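Derivation of every value follows stated rules applied to the coordinates shown; laboratory data play no part. Predicted, not measured: the structure shown is a model, and the values here were computed from it. Every residue, glycine as well, gets a Cβ built from its backbone with ideal geometry; the counts of neighbours run over all protein chains shown.
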Amino acid sequence: MSLLGKVYDPTEIEDRWYDYWLKKNYFHAEADTGKVPYTIVIPPPNVTGMLTMGHVLNNTIQDILIRKARMEGKEACWIPGTDHASIATEAKVVKMLAEKGIRKEDLSRNEFLKHAWAWKEKYGGIIINQLKKLGCSCDWERERFTMDEGYSRAVLEAFVRLYHKGLIYRGHRLVNWCPVSRSAISDEEVIYREVQGNLWYFRYPLVGDEGYVIVATTRPETMLGDTAVAVHPGDDRYQHLIGKKVKLPLVGREIPIIADSFVDPEFGTGCVKVTPAHDPNDFALGEAHGLEFINIMNEDASLNGNVPAPYRGKSREAARKLVVKDLEALGLLEKTEPHIHKVGYSERGQVPIEYYISDQWYLKMRDLVRPALEAVHSGKIRFYPGHWVKTYNHWMENIKDWCISRQLWWGHRIPIWYCGGDGCEDVLVCAIERPEQCPVCGKSEKLYQDPDVLDTWASSWLWPFAVHSWPDDSPDLRFFYPTDALVTGPDIIFFWVARMIMAGYEFMGEPPFRDVYFTSILRDEGGRKFSKSLGNSPDPFDLFNEYGTDAVRFGIMLMAPQGLDVLFSKQRLEVGRNFMNKLWNAARFVQMNLEDGKLPERGWDRDLPTPERWILSRLHQTIRNVDRQLERYHFNEAAKVIYEFTWSDFCDWYIEIAKVRYYGDDPELADLARIIAVHVLKTILRLLHPYAPFITEELWSRFKYPEEKDLIVSPWPQYDGRQQDEEAEAEMKLLQEVVTAVRTIRSRMNVPPARKATMVVRGGESTGAFLARFEPIIHSLAGIETITTGEALEKPAHSATAVVRNMEIYIPLKGLIDLDLERRRLEKRKAELEGHLRTVEKKLGNENFLSRAPLAVVERERQKRADMSEELEKVVSNLEMLQ
């Protein structure tokens, strides 16, 4: 057995172990093996993506679940893949072509798609390789892409089935339009931002009458598409005008004044312009009152031929300025006011959306929603944390039909076919393959496919079963569906989670997963959400290089409580790195103290002393608690349980006791300590493996018996209630209190570590017997040379005192420290503290300071006072001991 290096170097082992696991095919799962299946499907990252800290958090959690299931003997299958991400990928390809001087408009659809596939092949696999670096134990043989041949067939099959069921229809409606991608986008892809704009007040002259009405708007350019002015029917100011007409300035169109209770009399003048083709509220008014719908925008949000010539071809912003200027010149600008309002931005395009009337494909949602709502309500699907149920229910109960078409080229092209032949204008056929002929004219040469593609989410909603070659009834589909757990962000609860549940019931007749764990939102230490635009998200690879991948995985789990945002801190990664080093050093110590470097015999057949019984009792409590926390999806709590047992119980206490055994004069006891230390260490490695796979597999390989498997497929530790030992725990607790009391005295009185102390204990017969049993351990751990016990012992002069239960412990200080020197040091420190406290008290007693200083500064001064007061108490107490 080669000796572990003095320093843990993660760079030396991470790639080596990952390649080894791949070579051994440990990540691969097979259907119908007789094992219980455990399946997770990865939320497919965009093919355009790069690894972020959000991915690190999400995929570490999935890896913890899948590695634990694998160790539990389940057929663990974690299916990876990437999403074609229509809008994002098309934008990347358009940008790449522009850099080469090629415009998308100058290419045919097929030419553009060739460029897109070439881009995907070159850049699309980056995030997959990054997930491997994170240690993700995905079944890479099952990797899917949402536009690969089999998956695309599933997407089109789903569309055809829904269409023939009457759930898909063509609608001429107002949609959210992204002028950058020139496509419809969903409500969930619109991000609202507060904008400091203006409220312009314009005069619209009355027809056939003197005077005018004043309307207020934040979008002057849209007035060119106005087809009415509306007032509230109960607004007395305008009763006499209802039914009359105004002449639309700049255009000359006469438009009616209508009454509708939707109008807010308090907004502006209470008189609003109505542009049915460019505002969702105005659209509803237009439908209710039979108004004309005039679209004044091109697909890029420039103004089209439906506006007067001076404004045609101008951008929204340029047209806005010109309209205001022209109305002012005509004396029709009443006034301008600053106005803060919310503007919808395209999440991908990062520009204000336009409300735009167009022909789109819609999916009826009402029938699909019912079983999905019931599944969560009945507990068939459980959300962690549970508060997301309310959000889910609210959205599902108020759901609108889903606009599933997008005006893009990259994506799944809608399987609708038209015929351009004479008399065939209204003919359409829904089919995956191109029809052989038109069902009306019988010809094929004029058949053409709908140019639109499906919304990206209209493919990924099939992910849990489409990854298994659905609609074919494959062994994989029967065995691995439904999946067990979904780990995802709450930001896509509507985009993806709800829709997957609907699809699961619609196409498979059962829910797609049992549990949904919503990850936390990552924020910087200032509370700001991680984002590219803020530049506040660290590069995971910089962190992997600085701390090691295991430390990053473990550290981010420590800081991610269920249901709360994560305040990211490098300090927690430091904790992770220190923990890995502590574990490495503990393993190295155990290894160095093996007889001839050989592993001890497994098991023990003798009664165990208290420390050994205690560490096994604590170990099995740890196993039970880790299981309990992971079952509740409390990943941070499970990590803390492992951390605290390993650091405190095992390293700080049992390893120190084992040293007494190893260096003592009882070889049998030393051998027993070796057996127990190896057993406990290896159980820690098994518990920690899902969190920190690389270091644990490396250490396991040094302590693995010939008949044992690699750690990744070794059995998960089982809790054994028979190992619970209350007597041993009570005895060890008392021993720890005694040792800690002495250590505290030594620390407070600045006793040099190498100097042995005398310990005098006043207590009864049982006290003497207890201390005698553990005398070698107390000598070593507390730095004690001799222990004297008795019921009537007097306190020695110049002794420090501690009380533990029914024991009075005295540590004579003479000879341990220079009493005069220590007294002078303490008196000096006492004077310093008293002076500092007077200054702080004076500051905190000053009302001027309290009222003017920032709250954080005042709190800092109060904390300073509390800390100094506590230290002063200890200094005074120590001085009294020296009297």
Report summary line: Under the 7 Å Cα-to-Cβ spin-label approximation, Lys335 and Glu210 lie apart by a distance in nanometres of 2.3 nm
Query raised in the report: So who's got an amide H within less than 5 Å of the one on Glu334, skipping anything under 5 residues away but keeping other chains? H placed 1.01 Å off N, in plane.
Result: Tyr201, Phe202, Arg203
Report summary line: Rounded to the nearest 5, the percent of DSSP beta bridges in the chain running antiparallel is 70 percent
**Report entry** Rel. contact order, % - alpha carbon contacts under 8 angstrom, at least six apart, segment 638-743
**Finding:** 18 percent
Requested in this report: Estimate the FRET efficiency between Glu708 and Met592 by the formula 1/(1 + (r/R0)^6), using the beta-carbon distance for r and 22 Å for R0, to the nearest 0.05.
Outcome: 0.55
Report task. Multiply the residue gap between Asp9 and Glu726 by 0.36 nm, knock off their C-alpha separation, and tell me the result in nm, one decimal place. Result -> 254.2 nm
Report task. Report the far tail of the P(r) of segment 553-622, meaning the percent of Cα-Cα pairs longer than 16 Å. Result -> 71 percent
Query raised in the report: Calculated from DSSP H runs of 4 or more alone, at -39500 (n - 2.57) each and per residue, what is the 222 nm mean residue ellipticity of the chain, nearest 500?
Result: -13000 deg cm²/dmol
**Report entry** Relative packing of peptides 104-112, 71-79 - highest average C-beta neighbours within 10 Å first
**Finding:** 71-79, 104-112
Query raised in the report: Could you give the nm distance between label points at Glu644 and Thr218, where each point is 7 Å from its Cα heading toward the beta carbon?
Result: 5.0 nm
Requested in this report: Principal axes first, then extents: for the Cα atoms of segment 544-665, list largest minus smallest coordinate on each axis, whole Å, largest first.
Outcome: 53, 32, 20
Query raised in the report: In percent, what relative contact order does segment 1-85 have, based on Cα pairs under 8 Å that are 6 or more apart in sequence?
Result: 40 percent
Query raised in the report: Relative to the longest principal axis of the chain, what angle (0 to 90°, nearest 10) does the C-alpha long axis of helix 109-123 take?
Result: 10 degrees
**Report entry** Phi to ³J(HN,Hα) by Karplus 6.51 cos²θ - 1.76 cosθ + 1.60 over segment 188-194, Hz, x for Gly, Pro
**Finding:** 6, 9, 9, 10, 8, 10, 6
**Report entry** J(HN,Hα) series, segment 155-172, from Karplus relation 6.51 cos²θ - 1.76 cosθ + 1.60, nearest Hz, glycine and proline x
**Finding:** 4, 5, 4, 4, 4, 4, 4, 5, 5, 5, 7, x, 9, 10, 8, 9, x, 9
Query raised in the report: Using Cα pairs under 8 angstrom and six or more residues apart, how large is the relative contact order of the chain, in percent?
Result: 12 percent
Report summary line: segment 428-477 -> Rg/Rh from Cα coords, Kirkwood Rh, value 1.14
Query - Amide proton proximity set for Leu793, modelled H, under 5 Å, gap of 5+ - result: Gly763
Report summary line: Percent of all Cα-Cα pairs per 10 Å bin for segment 447-503, counting from 0 up to the last occupied bin, reads 20, 43, 26, 9, 1
**Report entry** Model label zone, His836; criterion: amide N under 13 Å from point 7 Å along Cα-to-beta-carbon; scope segment 844-872
**Finding:** 861-872
Report task. Measure out, as a whole number of angstrom, how far apart the alpha-carbon centroids of segment 303-377 and segment 480-512 sit. Result -> 33 Å
Query - Extended-chain gain in nm, criterion 0.36 nm per residue less alpha-carbon gap, Asn545 and Arg434 - result: 34.7 nm
Requested in this report: Just need log10 I(q)/I(0) for segment 628-684 at q = 0.15, 0.19 Å⁻¹, Debye formula, equal scatterers on the alpha-carbon atoms, no solvent, rounded to two decimals.
Outcome: -0.52, -0.69
Query raised in the report: Near Lys247, which lysines are there with a Cα under 20 Å away, not counting those fewer than 8 places off in the same chain?
Result: Lys273, Lys325, Lys335
Query raised in the report: Which aspartates and glutamates, on any chain, are close to Lys35 with Cα under 15 Å apart, when same-chain ones fewer than 8 places away are left out?
Result: Glu72, Glu75, Asp476, Asp484
Query - Given Lys529/Lys640; Lys682/Lys709; Lys92/Lys114; Lys570/Lys682; Lys598/Lys682, the pairs whose alpha carbons are separated by over 18 Å - result: Lys529/Lys640; Lys570/Lys682
Report summary line: Phi-derived 3J(HN,Hα) across segment 93-98 with the Karplus relation (6.51, -1.76, 1.60, θ = phi - 60°), rounded Hz, x for Gly and Pro, is 5, 4, 5, 4, 5, 4
Report summary line: A chain fully extended from Lys364 to Lys529 at 0.36 nm per residue, minus the present Cα-Cα distance, gains in nm 55.9 nm
Report summary line: Non-local residues with an amide H under 5 Å from the amide H of Cys271, with H modelled 1.01 Å from N and Pro and chain starts lacking one, are Ala216
Requested in this report: Arrange the peptides 404-417, 28-41 so that the one whose residues have, on average, the most other Cβ atoms within 10 Å appears first.
Outcome: 404-417, 28-41
